[in-house]
Amino acid sequence: MKVLRKKRVLLVLFIALVSVLFFNSSWMGKWIYPIHYKEAIVKHAKTFDVDPLLIAAIIRVESNYKLSSESRKGALGLMQVMPNTASWVIEMGKFDSVTMDEVKHEAEPNIQIGSWYIKSLLTKFNNNTYVALAAYNAGPSVVAKWLQNETWDGKFETVKKIPYGETKNYVQRVVYYYNKYKDLYQNEL
């Protein structure tokens with residue numbers, strides 16, 4: 001009886017060890033948390049001085065790398081840029097050759113527009129990533145009011161104070177994937 005119990009305990013410990021090694025392996029992590037469109041992400045992230053892993057995390061949360069995605073609210077493409085925002089970015093960034101059809105259906109222009117936009121939000125909000133992410137989701141004027149009214153102080157520790165549930169969840173999810181990507185891809189991108 002004691003021998004059988006010891007064997008069961010050893011078997012459970014062995015399975016636990018193998019599981020830990022299996023799930024902590026880099027290849028398994030990259031299989032669970034892939035990054036698609038790496039070349040376009042790196043290209044535009046470097047152009048606009050944004051962390052490519054942040055762009056990848058935004059894409060993961062926004063569209064899960066589904067190219068021609070369109071949200072219920074009308075946001076377009078991989079980075080789910082609203083049409084009005086895309087038009088504004090095209091004008092302000094002088095991306096005259098980019099069309100709205102390309103923003104919706106092609107990775108390169110969508111990532112270019114989205115990367116420029118997140119950089120503009122980072123600049124507007126003093127490089128506070130959490131605030132820029134909230135603004136990417138809820139809009140910069142709404143987030144500016146939250147900060148001005150002290151509804152939210154712009155810190156991740158107080159993200160639960162964000163009054164929009166969708167935006168609160170969005171910031172938390174992007175930060176989660178950003179941290180996962182940093183663990184897995186820091187030396188690659």
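Each reported figure results from applying straightforward, stated rules to the coordinates on display, with no laboratory input. What you are looking at is a predicted structure, and each value in this text was computed from that prediction instead of being measured. Here the Cβ positions follow ideal geometry from the backbone for every residue, glycine too, while neighbour counts run over all protein chains shown.
Exposed loop sites were defined as trypsin sites (Lys or Arg not before Pro) in DSSP loop states (anything but H, G, I, E or B) carrying at most 11 other C-beta atoms within 10 Å; in the chain the longest segment without such a site runs 1-71.
Subtracting the Cα-Cα distance of Y164 and T123 from their residue separation scaled by 0.36 nm leaves 12.5 nm.
Dividing the helix sum by the residues of the chain, where each DSSP H run of 4 or more adds -39500 (n - 2.57), gives a mean residue ellipticity at 222 nm of -20500 deg cm²/dmol. When semi-axes √(5λ) of the Cα gyration tensor in Å is calculated directly from the model, which label among (1) 32, 21, 13; (2) 38, 21, 14; (3) 24, 20, 16 fits? Matching the structure shown: (2). With 0.36 nm allotted per residue and the present C-alpha distance subtracted, the K73-N149 stretch has 24.7 nm of extension available. Among the listed pairs K43/K168; K94/K180; K43/K94, a Cα-Cα separation exceeding 25 Å is found for K43/K168; K94/K180.
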